[in-house]
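Colleague: Handing you a structure now.
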Amino acid sequence: MSDRTPSPLPKYKRVLVKLSGEVLLGSHQYGIDSTVVEAIAQKIKEVVNMGVEVAVVVGGGNIFRGISASARGMDRATADSIGMLATVMNALSLQDALERLGVFTRVLTAISMQEIAEPYIRRRAIRHLEKGRVVILAAGIGNPYFTTDTTAALRALEVKAEAILKATKVDGVYDTDPTVNPYAKKFDSLTYLEVLQKELKAMDDTAVSLCMDNHIPIIVFNLSDPDNIRKAILGQKIGTIITQGE
C-alpha cells in the first residue's frame with residue numbers, strides 16, 4: 001500500500017475570485033506589477049489543477065478610479081467608463097500570465113470590444129467554466145455607478161458560484177482601517193447583517209445585500225500570500241468569512 005497522503009479535497013467546486021486593482025500594484029505606485037500578476041496566475045493554476053472552476057472579476061483602481069475622478073469634478077458616468085476600460089487592461093494582463101502557464105482562459109467584457117475579448121453572455125461564461133477554462137470578467141457590468149464589488153456579486157449569482165473570494169491588501173475585515181489604526185480589531189467571521197449594520201465596508205452594501213439574499217459566502221483575505229487562494233478554496237480558516245450565520 002502507498003504511504004502517500006491524499007490531497008485535500010476542495011470545499012468549493014466553482015468560485016468567483018474578486019481581485020481589486022490595488023493588489024496588482026505590488027511594489028509600484030501605479031500600474032501593474034508583473035511579478036504579482038504572475039504569482040496570482042500560478043496559484044490560480046494550482047486551483048484549476050484541483051478541479052475547481054474559477055471565474056475572476058478584476059478591478060481597475062491601480063490604473064484609474066472613477067469615484068476619485070468624479071470627486072475631482074469629472075462627470076461620474078464618464079469617469080466610471082474610463083474605470084471600466086482600466087479593468088480590461090488588468091484582465092488582459094492576467095490572461096497573458098495564465099496562458100504562459102498553459103491555463104486556458106477567456107476574457108469576457110460587459111462592453112463590446114470583440115477584437116480583444118468576447119462579449120459577456122451568461123451561458124457562454126458557464127460553458128467556459130464547465131470546460132475548465134478560467135473566465136476573466138472585465139468592464140464591470142457595463143454601466144456607470146456600479147462598483148466591481150457589485151459586479152462580483154452579480155456575476156457570482158449568474159454563473160452559480162458557490163463562494164466569492166475577495167482578495168485584498170489586508171488579512172480580513174476590521175472594525176476600523178488597520179492601515180490607520182494599529183489597534184483595529186479583526187473579525188474571523190461575520191454575518192451579512194453585521195457587515196451592513198456596522199458599516200464595515202467589506203464589500204459595498206449592494207454587493208453584500210445580493211450575497212445575503214442568495215446565501216453566497218464571502219471570504220475576505222490578504223493576497224500578499226497568493227497561496228491564500230488555495231487555502232480559502234480548501235475551507236481553511238483564513239481572513240474573514242461572511243455568511244448568514246447560525
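Colleague: With an 8 Å Cα cut-off and a minimum separation of 6 or more residues, compute the relative contact order for segment 14-243 in percent.
Modeller: Working: 463 pairs, mean separation 50.9, N = 230.
In percent, rounded to a whole number, it is 22.
Colleague: Here's a follow-up. With a sphere of radius 13 Å drawn around the Cβ of Asn143, what net charge do the other residues whose Cβ falls strictly inside it have (Lys, Arg +1; Asp, Glu -1)?
Modeller: Values: positive: Arg76; negative: Asp80.
Within the 13 Å Cβ shell, the charges total 0.
Colleague: Related question: For Rg and Dmax of the Cα atoms in Å, the listed values are (1) 17.5, 60; (2) 16.6, 50; (3) 17.4, 70; which was obtained by calculation from the structure presented?
Modeller: Working out Rg and Dmax of the Cα atoms in Å from the coordinates points to (3).
Colleague: To continue, here is another question. Run through the DSSP bridge list for segment 148-240 and note the antiparallel percent, rounded to the nearest 5. Mind dumping the intermediate values first?
Modeller: Working: 3 of 8 bridges.
Of all bridge pairs located within segment 148-240, approximately 40 percent are antiparallel.
Colleague: Any chance you could check the Cα centroid distance between segment 28-76 and segment 110-139 for me, in angstrom?
Modeller: Between the Cα centres of segment 28-76 and segment 110-139 lies a distance of 16 Å.
Colleague: Taking 8 Å as the Cα distance limit and 6 or more residues as the minimum spacing, I'd like the relative contact order of segment 39-94 as a percentage. Could you put the intermediate results ahead of the total?
Modeller: Details: 39 pairs, mean separation 20.0, N = 56.
Once normalised by length, the contact order is 36 percent.
Colleague: Put +1 on the Cβ of every Lys and Arg and -1 on every Asp and Glu Cβ in segment 178-229; which of Asn228, His215, Tyr183 then has its Cα farthest towards the positive end of the dipole?
Modeller: The residue sitting farthest along the positive end of the dipole is Tyr183.
Colleague: Which chymotrypsin sites (Phe, Trp or Tyr not before Pro) in segment 180-246 sit in a loop by DSSP (not H, G, I, E or B) and have at most 13 other Cβ atoms within 10 Å of their own Cβ?
Modeller: Details: sites: Tyr183, Phe187, Tyr192, Phe221; in loops: Tyr183.
The qualifying sites are Tyr183.
Colleague: Sort Met212, Met50 so that the residue with the fewest other Cβ atoms within 10 Å of its own Cβ comes first and the one with the most comes last. Intermediate results must be reported in sequence, preceding the final value.
Modeller: Details: Met212 19, Met50 15.
If I rank by nearby Cβ atoms, fewest first, I get Met50, Met212.
Colleague: Calculated from DSSP H runs of 4 or more alone, at -39500 (n - 2.57) each and per residue, what is the 222 nm mean residue ellipticity of the chain, nearest 500?
Modeller: Details: 8 runs with 90 residues, N = 246.
That comes out to -11000 deg cm²/dmol.
Colleague: In the P(r) worked out for segment 1-107, what percent of Cα pairs fall beyond 17 Å?
Modeller: On the way: 3365 of 5671 pairs.
It works out to 59 percent of all Cα pairs.
Colleague: Now for a separate question. Taking the Cα centre of segment 14-243 as the origin, how large is its charge dipole in debye, to the nearest 20, when only Lys and Arg (+1) and Asp and Glu (-1) carry charge on their Cβ atoms? Could you put the intermediate results ahead of the total?
Modeller: On the way: 26 positive and 26 negative charges, 95 e Å.
Approximately 460 debye in magnitude.
Colleague: Let me ask something additional. What Kirkwood radius, in Å to one decimal, follows from the Cα pairs of segment 151-246? Can you show the working numbers first?
Modeller: Working: mean 1/r = 0.0743 Å⁻¹.
About 13.5 Å, per the Kirkwood formula over Cα pairs.
Colleague: By how many nm would the segment from Val180 to Thr35 grow when fully extended, if each residue of separation counts as 0.36 nm and the alpha-carbon distance is taken off? Display every interim value, and only then the final one.
Modeller: Values: separation 145, 0.36 × 145 = 52.20 nm, distance 2.71 nm.
Value of the extension gain: 49.5 nm.
Colleague: Hey, another quick one. Let me have the relative contact order for segment 1-124, percent, based on Cα pairs under 8 Å that are six or more residues apart.
Modeller: Working: 151 pairs, mean separation 27.9, N = 124.
Relative contact order here is 23 percent.
Colleague: Only sites in a loop by DSSP and with at most 14 other Cβ atoms within 10 Å count here; which chymotrypsin sites (Phe, Trp or Tyr not before Pro) in segment 1-109 make the cut? List each step's numbers first, then the result.
Modeller: Numbers: sites: Tyr12, Tyr30, Phe64, Phe104; in loops: Tyr12, Tyr30, Phe64, Phe104.
Taking segment 1-109 and a limit of 14 other Cβ atoms within 10 Å, the loop chymotrypsin sites (Phe, Trp or Tyr not before Pro) found are Tyr30, Phe104.
Colleague: What residues qualify as long-range amide H neighbours of Ala163, i.e. H under 5 Å apart, gap of 5 or more or another chain, H built at 1.01 Å from N?
Modeller: Under 5 Å from the amide H of Ala163 lie the amide H atoms of Leu16, each far enough along the sequence or on another chain.
Colleague: Same structure, new question: State to the nearest 20 debye the size of the charge dipole of segment 19-117 about its Cα centre, where the only charges are +1 on K and R beta carbons and -1 on D and E beta carbons. Present the calculation step by step, with values, prior to reporting the outcome.
Modeller: Working: 7 positive and 10 negative charges, 31 e Å.
So the dipole magnitude of segment 19-117 works out to roughly 140 debye.
Colleague: Can I ask one more? Skipping prolines and chain starts, which residues have an amide H placed within reach, meaning under 5 Å, of the one on Val107, given they are 5 or more residues away or on another chain?
Modeller: Here Glu118, Ile136 satisfy the definition.
Colleague: Hey, if you put +1 on the Cβ of every Lys and Arg and -1 on every Asp and Glu Cβ in the chain, which of Gln197, Gly26, Val52 ends up farthest toward the positive end of that dipole?
Modeller: Val52
Colleague: Taking K and R as +1 and D and E as -1, what net charge do the other residues with C-beta under 14 Å from the C-beta of Gln114 add up to? The partial results should precede the final answer.
Modeller: On the way: positive: Arg106, Arg124; negative: Glu115, Glu118.
Value of the local net charge: 0.
Colleague: Further question on the same structure: Which residue fluctuates the most in the chain, going by a Gaussian network model with Cα springs under 10 Å, if the choices are Gly21, Gly172, Gly73?
Modeller: Of the options given, Gly73 has the highest mean-square fluctuation.
Colleague: Using each residue's phi in segment 213-223, evaluate 6.51 cos²θ - 1.76 cosθ + 1.60 at θ = phi - 60° and report the 3J(HN,Hα) Karplus result to the nearest Hz, with x for Gly and Pro.
Modeller: In residue order, the calculated couplings are 5, 10, 6, 9, x, 10, 10, 9, 8, 8, 8 Hz.
Colleague: Tally the DSSP beta bridges in the chain and give the antiparallel ones as a percent, rounded to 5.
Modeller: That works out to approximately 15 percent antiparallel.
Colleague: So, one more: Hey, what's the Kirkwood Rh for segment 52-128 if you take every pair of different alpha carbons, in angstrom? Can you show the working numbers first?
Modeller: Values: mean 1/r = 0.0733 Å⁻¹.
After inverting the pairwise mean of 1/r, the radius is 13.7 Å.
Values in this text are rule-based calculations from the coordinates and carry no lab data. Remember, it's a predicted structure, so these values are computed and weren't measured experimentally. Using ideal geometry, Cβ is built from the backbone for each residue, glycine included, and neighbour counts are taken over all protein chains shown.
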